[in-house]
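Written out below as structure tokens is the structure these notes cover.
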Amino acid sequence: MAGGRSILSSVVASQLGTHFPYGGVVPELASREHLRAIVPVVRLALERAGKTWDELAAVAVTAGPGLVGSLLVGMTYAKALCFARRLPLIGVNHLEGHIHAVVLEARRQGRCIEYPALALVVSGGHTHLFEFDQGPRYRLIGRTRDDAAGEAYDKVAKLLGFGYPGGPVIDRLAPYGNPEAVRFTLARMKGNPLDFSFSGLKTAVLRWVEQRDLGAEIQARRDLLARSPCPTLRQWLAVTPQATLDLLASFQRTVIEELLRRAAAAAETCGARSLILSGGVAANAGLRAAAAGARLPCPVYFPTLELATDNAAMVAAAAFPKLERGQFADFSLRAEANLRLA
Ligand code: KG4
Ligand code: ZN
């Protein structure tokens, strides 16, 4: 739940435990878990905000993009709530949510995003670069041609027996490796120079693994995960030789370089006055440190860790300006797996 300037409560129902044994999100299980969680989560969010149903001004819902089964659960619930309580409905794009989480937090800290702004949304499904103004009008100026950055993390982690999701564990282990140990060649883009590509990097990691005999160490990590789903750093380090730590550090360095290089080029090209980095991968400690030390042409903004990965507060944050403008949806609003922001 969010007021105009603050988050009154934020409840996240994690499904990681459900998907974890499968090494990735299983769509059918995701919708079932959404269905189970939605009523208790909304009740808890109200309770923690100290609000009653009668005090709600509107209900915001993610219309897409995403897994359609999960989107449908939220959409149906939101419409039912609006119908029963006679509340206005607001449709939000998931990526807009990631961007507005940062806008809201900046405002809360008394910092103001200056426009035109750039937003690089880096998540499990997207690596999208938007230019936007206060309208807000969004213009997609770059995107991944293949894998998203988070997807590359998840695939590399899966390949090496680190489980799912891959980003957090690689992020934790990368500081223990030498980021210069493995030189990956960065993808050269034909066409739009602001597009990204991560599948070549993923394949290079695969080749590196194939050229070595890593069967035993990968199995040791899988066994560790089977014993304890959330291993400690020490446990991970005990089953990860230095060469693999070096690989992880080099992989992460390459991803970060790729993201920051294009973001900086885009900011230069567009004359951006602020750069927002958002989405699950924006939780990456290496990325945050590198951005702080990088020579970027404008100030850079990250979400707090709680608002980096998916959450409902960011949806409320994106809905608030729509509420102020009276930009409501009717009950024909549909959940769309590939909904575009621009
Ligand atoms: O935004 P998000 O929570 O869900 C999607 O919209 O996809 O992003 C999830 C993605 C996953 O691929 C996950 O591995 C990645 O974000 N991620 C990270 C970190 N935490 C989550 N990637 C790198 N470093 C992290 N610390
Ligand atoms: Zn997301």
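Laid out as a table, the results:
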| quantity | calculated |
| --- | --- |
| Rounded percent of accessible protein surface that carbon and sulfur make up, segment 221-289, 1.4 Å probe | 58 |
| Surface share of carbon and sulfur [accessible, 1.4 angstrom probe, percent] for segment 107-157 | 42 |
| Residue-level accessible surface for residue 7, protein heavy atoms, 1.4 Å, Å² | 40 |
| Label-point separation, residue 235 to residue 35 (7 Å along Cα→Cβ), nm | 3.2 |
| Cβ-derived FRET efficiency at R0 45 Å, residue 332 paired with residue 305, nearest 0.05 | 0.75 |
| Pairwise label distance in nanometres, residue 223 with residue 181, each label 7 Å out on the Cα-Cβ vector | 2.2 |
| Gain upon complete extension [residue 325, residue 26; 0.36 nm per residue less C-alpha separation] | 103.9 nm |
| Scaled radius of gyration (Cα, divided by 2.2 N^0.38 Å) that the chain gives | 1.02 |
| Candidate residues 31, 278: accessible-area rank, largest first, probe 1.4 Å | 31, 278 |
| For the chain, share of DSSP beta bridges that run antiparallel, in % to the nearest 5 | 50 |
| Solvent-accessible heavy-atom area per residue, rounded to whole Å², over segment 1-110 at 1.4 Å | 50 |
| Simple spin-label estimate for residue 145 and residue 158 in nanometres, 7 Å along Cα-Cβ | 2.3 |
| Extension gain (nm, one decimal) between residue 289 and residue 18, 0.36 nm per residue minus Cα-Cα | 94.4 nm |
| Helix axis angle, 313-325 relative to the chain longest principal axis, alpha carbon, degrees | 40 |
| 0 to 90° range, to nearest 10: angle between helix 199-210 axis and the chain longest Cα axis | 40 |
| In order through segment 62-76: 3J(HN,Hα) via Karplus (6.51 cos²θ - 1.76 cosθ + 1.60), integer Hz, x for Gly, Pro | 6, 8, x, x, x, 6, 5, x, 5, 4, 5, 4, x, 4, 5 |
| Gained length - residue 203 relative to residue 86, 0.36 nm times residue gap less alpha-carbon distance | 36.9 nm |
| Probe 1.4 Å, protein heavy atoms only - accessible area per residue of segment 115-298 in square angstrom | 44 |
| Within straight-line cross-link reach of residue 79, lysines at Cα separation under 28 Å, skipping those fewer than 8 residues along the same chain | 51, 322 |
| Sequence-distant lysines (8 or more away, or on other chains) whose Cα lies within less than 25 Å of residue 202 | 155, 158, 190 |
| Packing-based ranking, highest mean first, of 49-57, 170-178 given that Cβ atoms within 10 Å are counted | 170-178, 49-57 |
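The values are calculated or read from the model by the stated rules, or taken from the named source; none is laboratory data. Remember, predicted model here, so these are calculated numbers, not experimental data. Please note: Cβ atoms are built from the backbone with ideal geometry, for glycine as well, and neighbour counts cover all protein chains shown. The protein model used for the area step is the full one, side chains on, heavy atoms only, and it has no ligands, DNA or RNA in it. Shrake-Rupley method; radii C 1.70, N 1.55, O 1.52, S 1.80 Å.
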